[in-house]
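Notes to accompany the following structure.
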Amino acid sequence: VEAIGTPEKAVVTTCAYCGVGCTFRAEMRGEQLVRMVPWKDGKANRGHSCVKGRFAWGYANHKERILKPMLRDTIEQPWREVTWEEAIGRVASEFRRIQAAHGRRSVGGITSSRCTNEETYLVQKLIRQGLGNNNVDTCARVCHSPTGYGLKATFGTSAGTQDFDSVMQADVMMVIGANPTDGHPVFASRMKRRLREGAKLIVVDPRRIDLVRSPHIEAQHHLPVRPGTNVALLTAMAHVVVTEGLVDEDYVRARCDWEGFADWATFVSDEARSPEATEALTGVPAQDLRAAARLYATGGKAAIYYGLGVTEHSQGSSTVIAIANLAMATGNVGLEGAGVNPLRGQNNVQGACDMGSFPHEYSGYRHVSDPSVRALFEEAWGVPLDPEPGLRIPNMLDAATDGAFRALFIQGEDILQSDPNTQHVAAGLAAMECVVVQDLFLNETANYAHVFLPGSTFLEKDGTFTNAERRIQRVRKVIEPRNGYADWEVVQLVAQALGLEWGYGHPAQIMDEIAALTPTFARVSYAALEEHGSLQWPATEASPLGTPTMHLDGFVRGQGQFIVTDYIPTDEKTGPRFPLLLTTGRILSHYNVGAQTRRTDNVAWHPEDRLEIHPVDAENRGLRDGDWVTLRSRAGETTLRCLVTERVAPGVVYTTFHHPETQANVITTDYSDWATNCPEYKVTAVQVAASNGP
Ligand code: SF4
């Protein structure tokens, strides 16, 4: 503090890393940001922070940042710097040329959960209003799209049901497929506080994550589920609840569709779905599973927190539904201290989904085929809108290799690194005539781009993010955009070049439009956010101050809907050539593909990705801690160092995916969730062998 000196001014803004949404005071000397201080009045963090938000902001000034637009005619050519006018003009003329030659659905866009609500809203509007189709998708496709499907089908909307504060009223927590200590550290601290007060804990995870045993905390049950068998495990828990008479029948009769419940109860009661019958499949001892199910059903208010270990499976949507079924059957939704809560990975996954950046939905999760909703947007935007859902990211890539999809605008995403089966992504991008990348750095995807538009950091723009508890919070400009424009302004320039009469002067006006067209945001405005600090949607006439707990007086869809979820094994099988199962995840100091955190001092805490392997599996391969190994799957292979640890079970290996040298997605397969195409990142059959290094 002494070295930095007294700040001359401070701007209150929101962290751009994870879905906790911590508030910070960005302290300045002159025009120089000198320190990020967690803000005591931040409703999501109350003065706490982690090493990403506190220290990993220096990437804004990194020397590799691209600050001038660039063009090239083919991806073999070197880039040449051009004016903004020339670059934007090229985007518009290429998109129009390609549409004239190949039809209006031959182009599309991808937006990012790193961007503000206002920016993602504008990208989907650009595609729908300006390009006349619904080919817009977001990186939530590869993380929480099954949450969108599963929670909408059962509860009526895609959102966590509780606020963070109400974890302090939970009697039981079930954490499934999430590692909050690394992924959502500030919220994990609050969970731990409640656990130290005596709340009980069930952890469902193939790894012995930190929460299973940490100072003064020991989970009552750790169920080390075999990757790919979540649905079988949750069905076995439901079997115990139903067959042991632990259903909250009054709750189900009052709030849920009884016929749906009866069908589900009959299904899960079958002896073939008991813990004993599925023990060999899930790898979880039947008596442990029974005890965990009894604790969840009878231990008081029970809150489920889940992450990508639930969604990134071929049965991701089924798993979300199975969680919702279990919560409804035990009366654990729609009250403080209990609920179902997706822990969103990136800062604005919730917001990107809320803003209509899916190819089948407008903002507020309303289907594009609904004539009354379409009429609302047609009147506001002054053009007829396409009633057909558009292409998802993997379908865009497939259509590109087939020649039907020719141009793509990618905002704030490095799909070559983050999406599954790198070879498939590369082939799709290479087949396109015009790829536009808007980003901070020349990322891996930019190798296939024809136009590069410099992006702005969260420090350089105004807007809002929505965190994992549906809390809409202001992002405030701390420094002027180094590239000249905030991202929302760049999208507006593209829209104007396409002939659209956009004239937003400030993101507040974009939010006013969102509020006018989105019932759950009806009372959201920058003035209201200034007055209240933040708002949790729905913020409507009936709840102008927002809604901390959802489904209090009944489910959004009316009656809660039970849906039978049959366990269907993934097509990704182990065998003699690939006997181990690989699963992946994050570490505290880094963020996703590491584009930002690798360009800060945080890299020192985790300079490389390592492969965690159980001592038995390591010994069988003659491996010692720190040895180089080749990790090989049916899709591809990579080389990294191993970490011998009992944190993973025998037969399971694990790695993070923060460093491009590892290229973890060279290994992952094309399998994806049946309902949403969310990739099956969490189950890949692999072999591990000693290597001499890269
Ligand atoms: Fe908070 Fe998440 Fe940012 Fe850490 S990364 S400071 S937990 S919002």
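The values are calculated or read from the model by the stated rules, or taken from the named source; none is laboratory data. In this text the structure is predicted, and so the values were computed from the model without any measurement. Ideal geometry is used to build each Cβ from the backbone, glycine not excepted, and the neighbour counts take in all protein chains shown. Ligands, DNA and RNA are stripped out before the accessible areas are found, and what is left, the full protein with its side chains, is counted by its heavy atoms. Shrake-Rupley method; radii C 1.70, N 1.55, O 1.52, S 1.80 Å.
Listing for the model above:
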{"item": "Residue satisfying condition, being surrounded by fewer than 18 Cβ atoms within 10 Å (Cβ to Cβ), in contact with a Ser or Thr (Cβ under 8 Å, 6 or more places away or on another chain) and more than 30 Å from Ser318 (Cα to Cα), within set Gly693, Gly626, Gly622", "result": "Gly693"}
{"item": "Criterion (modelled with pLDDT of 95 or more and more than 17 Å from Asp354 (Cβ to Cβ)) met by exactly one of Gly554, Gly533, Gly503", "result": "Gly503"}
{"item": "Segment 623-635 - residue that is on the phi < 0 side of the Ramachandran plot and not in a strand (DSSP E or B) and, of those, modelled with the lowest pLDDT", "result": "Ala635"}
{"item": "Residue, farthest from Lys125 (Cα to Cα), within segment 404-425, restricted to residues that are open to solvent by 20 Å² or more (accessible area, probe 1.4 Å) and modelled with pLDDT of 95 or more", "result": "Ala404"}
{"item": "Segment 207-237: number of residues that are free of Cβ contacts under 8 Å to residues at least 40 places away in the same chain and at positive phi", "result": "1"}
{"item": "Single condition Val204 does not satisfy, out of (1) without any contact (Cβ under 8 Å) to a residue 12 or more places away in the chain; (2) open to solvent by less than 60 Å² (accessible area, probe 1.4 Å); (3) among the aliphatic types (A, V, I, L, M)", "result": "(1)"}
{"item": "Single unsatisfied condition, Arg65 versus (1) within 15 Å of the ligand (Cβ to nearest atom); (2) open to solvent by 10 Å² or more (accessible area, probe 1.4 Å); (3) touching a strand residue (DSSP E or B) at 6+ places or on another chain (Cβ under 9 Å)", "result": "(1)"}
{"item": "Test for Ile202: is it farther than 30 Å from Glu378 by Cβ, in contact with a strand residue (DSSP E or B) (Cβ under 9 Å, 6 or more places away or on another chain) and β-branched (Val, Ile, Thr)", "result": "yes"}
{"item": "Condition broken by Leu326, with the remaining ones in (1) closer than 30 Å to Arg290 by Cβ; (2) of a type in the set (A, V, I, L, M); (3) open to solvent by less than 10 Å² (accessible area, probe 1.4 Å); (4) within 22 Å of the chain's Cα centre (by Cα) satisfied", "result": "(4)"}
{"item": "Cross-chain or 6+ apart pairs with Cβ under 6 Å, segment 166-189 first and among the charged types (D, E, K, R), then in a loop (DSSP other than H, G, I, E, B) and near the ligand (Cβ under 9 Å from one of its atoms)", "result": "Asp182/Leu588"}
{"item": "In segment 22-61, the residues that are under 22 Å from the mean Cα position of the chain (by Cα) and away from the ligand (no atom under 13 Å from the Cβ)", "result": "Tyr59"}
{"item": "Residue list for segment 29-41, restricted to those being open to solvent by less than 80 Å² (accessible area, probe 1.4 Å) and free of Cβ contacts under 8 Å to residues at least 60 places away in the same chain", "result": "Gly30, Val34, Arg35, Met36, Val37, Pro38, Trp39"}
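Yes/no matrix, rows are residues, columns are (1) crowded, with 20+ Cβ neighbours inside 10 Å; (2) on the phi < 0 side of the Ramachandran plot:
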| site | (1), (2) |
| --- | --- |
| Ala468 | yes, yes |
| Val475 | yes, yes |
| Asn483 | yes, yes |
| Gly505 | no, yes |
| Leu529 | no, yes |
| Gly533 | no, no |
| Glu541 | no, yes |
| Pro548 | no, yes |
| Asp566 | no, yes |
